[in-house]
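First the structure, in the form of structure tokens, and then the observations on it.
The values are calculated or read from the model by the stated rules, or taken from the named source; none is laboratory data. Remember, predicted model here, so these are calculated numbers, not experimental data. Please note: Cβ atoms are built from the backbone with ideal geometry, for glycine as well, and neighbour counts cover all protein chains shown.
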Amino acid sequence: MAAGTAAKSPGSGRGNNSMTEQTISVEEWPNYYWALPEDQIHAIGVISLNHNRLERIFREMFIYCTGETESIFHQLTNKKRIKKIEELLDCTSRPDYRQAVIDFLKAYDICTDNRNAIMHAFSPGSHTSRSTGETGILLVKYDNKTGQPLHYPANRDLLRAVADEMNAWCSYGADINSRLRNLDAFQAGGHDPATLPALPNKPDEPAKMDFSPLPNPSSPGSAGGPKSLTIPGVWSWARHQ
């Protein structure tokens with residue numbers, strides 16, 4: 001669809017004849033998140049795509065290092081997949097490759113936790129930093145054990161950093177998988193594994209997103225919850241609906 005052309009509103013063309021057909025421009029969609037910064041909605045989409053790539057690379061690594069099938073991969077949780085790789089990994093001829101796999105597993109675990117936190121959170125609206133005046137998406141999720149609402153005042157730079165960290169580890173993980181395949185070929189051909197090239201520089205360890213308890217007992221967006229909330233000196237937020 002060309003930029004600036006109109007798109008049908010959600011639900012139109014799906015057999016719901018009672019709904020009045022409306023059109024919105026590409027630039028206006030999604031018009032139901034009008035108060036949330038568009039660049040941050042875009043960043044969340046990139047995070048989702050990048051994690052899908054990262055998981056594909058992790059899956060290849062799992063199958064190579066464990067000798068298990070893809071079916072087994074999908075039956076296990078991430079924690080069990082990582083544990084199985086650590087138990088069965090054999091790179092005694094190239095300890096630097098082994099360490100690279102261990103580093104990747106740790107980074108993948110952090111990236112996955114970040115992705116899950118974002119994708120399972122909801123946003124009651126935007127927030128404004130008291131120190132910088134910057135507007136961002138307020139993300140809220142619930143603690144799996146206590147049910148307590150937790151918040152994370154995101155912004156463009158933070159969300160893009162999460163996406164970029166995943167992208168960097170995608171590249172590094174792909175390099176690791178390539179080296180491991182070459183290692184097998186070298187050893188099968190009777191060549192010296194020490195002649196294989198070193199891996200490129202390792203990316204920085206991803207930063208774990210820190211969701212913290214809300215300072216108000218009524219969670220934003222809940223029935224009867226506040227229409228606005230302020231943490232003095234930190235941020236304030238308002239509903240987007």
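When the residues of segment 105-120 are filtered to those that are in contact with a strand residue (DSSP E or B) (Cβ under 9 Å, 6 or more places away or on another chain) and in contact (Cβ under 8 Å) with a residue 60 or more places away in the chain, the one that is surrounded by the fewest Cβ atoms within 10 Å (Cβ to Cβ) is A117.
Restricting segment 77-104 to residues that are more than 25 Å from the chain's Cα centre (by Cα) and among the hydrophobic types (A, V, I, L, M, F, W, C), which is surrounded by the fewest Cβ atoms within 10 Å (Cβ to Cβ)? If we take residues in segment 77-104 being more than 25 Å from the chain's Cα centre (by Cα) and among the hydrophobic types (A, V, I, L, M, F, W, C), then L88 is surrounded by the fewest Cβ atoms within 10 Å (Cβ to Cβ). With the requirement that a residue be more than 18 Å from Q40 (Cα to Cα) and of a type in the set (V, I, T), what does segment 89-148 give you? Within segment 89-148, T92, V101, I102, I110, T112, T146 meet the criteria. Among the residues of segment 26-42, is any modelled with pLDDT of 90 or more and touching a strand residue (DSSP E or B) at 6+ places or on another chain (Cβ under 9 Å)? Yes, segment 26-42 contains a residue that is modelled with pLDDT of 90 or more and touching a strand residue (DSSP E or B) at 6+ places or on another chain (Cβ under 9 Å). Listed here are the helices (runs of 4 or more DSSP H) enclosed by segment 21-110 that have at least 1 residues being under 17 Å from R179 (Cβ atoms): 38-66, 78-88.
Scanning segment 66-76 for residues that are buried (at least 16 other Cβ atoms within 10 Å of the Cβ), over 24 Å from the mean Cα position of the chain (by Cα) and not β-branched (V, I, T) yields one hit, E68. What is the residue count in segment 122-158 for residues that are touching a residue at least 12 places away in the same chain (Cβ under 8 Å) and not in a strand (DSSP E or B)? So the count comes out to 8.
Just one of the numbered conditions (1) of a type outside the set (D, E, K, R); (2) at pLDDT below 95; (3) surrounded by 18 or more Cβ atoms within 10 Å (Cβ to Cβ) is not true of Y172: (2).
Condition test on D39, is it on the phi < 0 side of the Ramachandran plot and either touching a Ser or Thr at 6+ places or on another chain (Cβ under 9 Å) or in contact (Cβ under 8 Å) with a residue 40 or more places away in the chain (or both)? Reasoning before the result, please.
Working: on the phi < 0 side of the Ramachandran plot: yes; either touching a Ser or Thr at 6+ places or on another chain (Cβ under 9 Å) or in contact (Cβ under 8 Å) with a residue 40 or more places away in the chain (or both): yes.
Yes.
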